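Asks: I'd like to ask some things about the structure below.
The values are calculated or read from the model by the stated rules, or taken from the named source; none is laboratory data. All of these numbers come straight from a predicted model, not from anything done at the bench. Here Cβ is always computed from backbone atoms with ideal geometry, including for glycine, and neighbour counts include all displayed protein chains.
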Amino acid sequence: VSAAIVHRLRAGRFRHVVFASGLGARRALDFGASAAGPHEQQSSRGKLSADESSFVRWLFRRGSLDVRHYRTETLHRRLAACLRALRASDVRDAKAMLVRDESLVPTALSAMVIGVTSFFRDSSVFDYLTVHVLPYLRKAEKPARIWCAACSDGDELYSVAMLLEELGLLDGVYLLGTDCRSDAIRRARLGSYDANSVRDVPAPWLEKYFVKAGNQYEISKKLRNVVQFRTADMVEICEPGWWDVILCRNAAMYLRPESAGRLWERYEQILRPGGHLVLGKAERPVGSTRLSAVSPCIYRRDRG
Ligand SMILES: C[S@@+](CC[C@H](N)C(=O)[O-])C[C@H]1O[C@@H](n2cnc3c(N)ncnc32)[C@H](O)[C@@H]1O
């Protein structure tokens, strides 16, 4: 990366991102921390009863997901959150509510798989990408390709798009976001966010990349037009082609080790040599042989 870019980013706008790291550190946003209520934080070895199992299986099928990929302890913890979100007394009550009113299914599923996200979440990761990964995409012979698997409402991929635009690289990059929840993908395409989601966006970028509409912040047309989103189950569907960067953060931690292992195996096959895999703080590509850690949460595919 040219010294000029590093200097400009470190001295100028990038400073805001670094500053946001401090804020990010104070807010523990990960699934295991503040995303879960006090009850869910207790490490539970809980098992699901037969009724609970059947409800969770039914609910995941409604979302075209195979519940067998997910950790039982997580499902057990999240079931309590799901019942609370629906204000249901138990799983029978919850199922009756969902059958009566289908529009509640996304609320229930979101509580089970957790849709928590925000712009520049864990911003030290974005700091690293800005200095050590994204500038090098300029050298790629083909248009660079970035896939954000489990993108939720799109905050993460739009954050990357902003950094690319700041580096003058946005036009040459294909950006894809996928998530299993179609309601999240609808929101990502819409690109309208509340103040909480954009809390870590540096103020000048809030002006530059968003339009304020009432209490909402709408992502600029320029960013919205270059980013593509679609509904897809990351465990079952592998996006075709080679990728320069794959972000898959704070999602595989809910999966059983065998299912997460399948992801790592696939990702190391479809990353270009020298490409990067970006994971959440609690995730490691266990079993992979061609991915080397280059920074916390960031792995590079060996060139060989
Ligand atoms: C906690 S959010 C993480 C969002 C974002 N990656 C981040 O770190 O801020 C987890 C996301 O994983 C998605 N997810 C869970 N299982 C999935 C699957 N099998 N395929 C695709 N997305 C999945 C959920 O819908 C949710 O949006």
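Asks: Check Leu255, Leu263, Leu247 and return the single one that is closer than 30 Å to Arg78 by Cα and surrounded by fewer than 21 Cβ atoms within 10 Å (Cβ to Cβ).
Replies: Sole residue among the options that is closer than 30 Å to Arg78 by Cα and surrounded by fewer than 21 Cβ atoms within 10 Å (Cβ to Cβ): Leu255.
Asks: Right, something else. Can you list residue pairs whose Cβ atoms sit under 6 Å apart, with the first residue in the range 104-118 being under 17 Å from Val67 (Cα atoms) and within 11 Å of the ligand (Cβ to nearest atom) and the second being of a type in the set (Gly, Ala, Ser) and not in a helix (DSSP H, G or I)? Count only pairs 6 or more apart in sequence or on different chains.
Replies: Partner pairs satisfying both residue conditions: Leu109/Gly63; Ile114/Ala35; Gly115/Ser152.
Asks: If you don't mind, another one. For Met234, indicate whether it is modelled with pLDDT of 95 or more, under 23 Å from Asp66 (Cβ atoms) and in a loop (DSSP other than H, G, I, E, B).
Replies: yes
Asks: Output the residues belonging to the range 54-98 that are surrounded by fewer than 20 Cβ atoms within 10 Å (Cβ to Cβ), among the charged types (D, E, K, R) and closer than 22 Å to Pro257 by Cβ.
Replies: Scanning the range 54-98 gives Arg57, Asp66, Arg68, Arg71, Glu73.
Here is a yes/no grid of residues against (1) at pLDDT 95 or above; (2) within 29 Å of Leu263 (Cα to Cα); (3) surrounded by fewer than 16 Cβ atoms within 10 Å (Cβ to Cβ):
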site: Tyr174; (1), (2), (3): yes, yes, no
site: Ala188; (1), (2), (3): yes, yes, no
site: Asp194; (1), (2), (3): yes, no, yes
site: Val211; (1), (2), (3): yes, no, yes
site: Gln228; (1), (2), (3): yes, yes, yes
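Asks: Looking at (1) part of a helix (DSSP H, G or I); (2) within 13 Å of the ligand (Cβ to nearest atom); (3) farther than 30 Å from Leu164 by Cα; (4) touching a residue at least 24 places away in the same chain (Cβ under 8 Å), which is the one condition that is false for Arg92?
Replies: (2)
Here is a yes/no grid of residues against (1) among the aliphatic types (A, V, I, L, M); (2) modelled with pLDDT of 95 or more; (3) within 13 Å of the ligand (Cβ to nearest atom):
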| residue | (1), (2), (3) |
| --- | --- |
| Lys221 | no, yes, no |
| Ile246 | yes, yes, yes |
| Ala251 | yes, yes, yes |
| Glu258 | no, yes, no |
| Gly261 | no, yes, no |
| Gly275 | no, yes, no |
| Lys281 | no, yes, yes |
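Asks: Further, regarding this structure: Restricting to the range 61-87, name every residue that is away from the ligand (no atom under 14 Å from the Cβ) and over 14 Å from Leu109 (Cβ atoms).
Replies: Thr72, Glu73, His76, Ala80, Arg84, Arg87
Asks: So, one more: Taking Val294 as the residue in question, decide whether it is within 14 Å of the chain's Cα centre (by Cα), touching a residue at least 60 places away in the same chain (Cβ under 8 Å) and either closer than 15 Å to Leu176 by Cα or surrounded by fewer than 23 Cβ atoms within 10 Å (Cβ to Cβ) (or both).
Replies: Spelling it out, it is not the case that Val294 is within 14 Å of the chain's Cα centre (by Cα), touching a residue at least 60 places away in the same chain (Cβ under 8 Å) and either closer than 15 Å to Leu176 by Cα or surrounded by fewer than 23 Cβ atoms within 10 Å (Cβ to Cβ) (or both).
Asks: Would you confirm whether or not the range 185-200 contains a residue that is within 11 Å of the ligand (Cβ to nearest atom), part of a helix (DSSP H, G or I) and out of contact with any helix residue (DSSP H, G or I) (no Cβ under 8 Å at 6 or more places or on another chain)?
Replies: Yes, the range 185-200 contains a residue that is within 11 Å of the ligand (Cβ to nearest atom), part of a helix (DSSP H, G or I) and out of contact with any helix residue (DSSP H, G or I) (no Cβ under 8 Å at 6 or more places or on another chain).
Asks: On to the next question. If Ala293 satisfies all but one of (1) outside any strand (DSSP E or B); (2) away from the ligand (no atom under 14 Å from the Cβ); (3) of a type in the set (Gly, Ala, Ser), what's the number of the condition it fails?
Replies: With respect to (1) outside any strand (DSSP E or B); (2) away from the ligand (no atom under 14 Å from the Cβ); (3) of a type in the set (Gly, Ala, Ser), Ala293 is out only on (1).
Asks: Out of (1) at negative phi; (2) among the hydrophobic types (A, V, I, L, M, F, W, C); (3) touching a helix residue (DSSP H, G or I) at 6+ places or on another chain (Cβ under 9 Å), what's the single condition that is false for Ala96?
Replies: (3) is the only condition that Ala96 fails.
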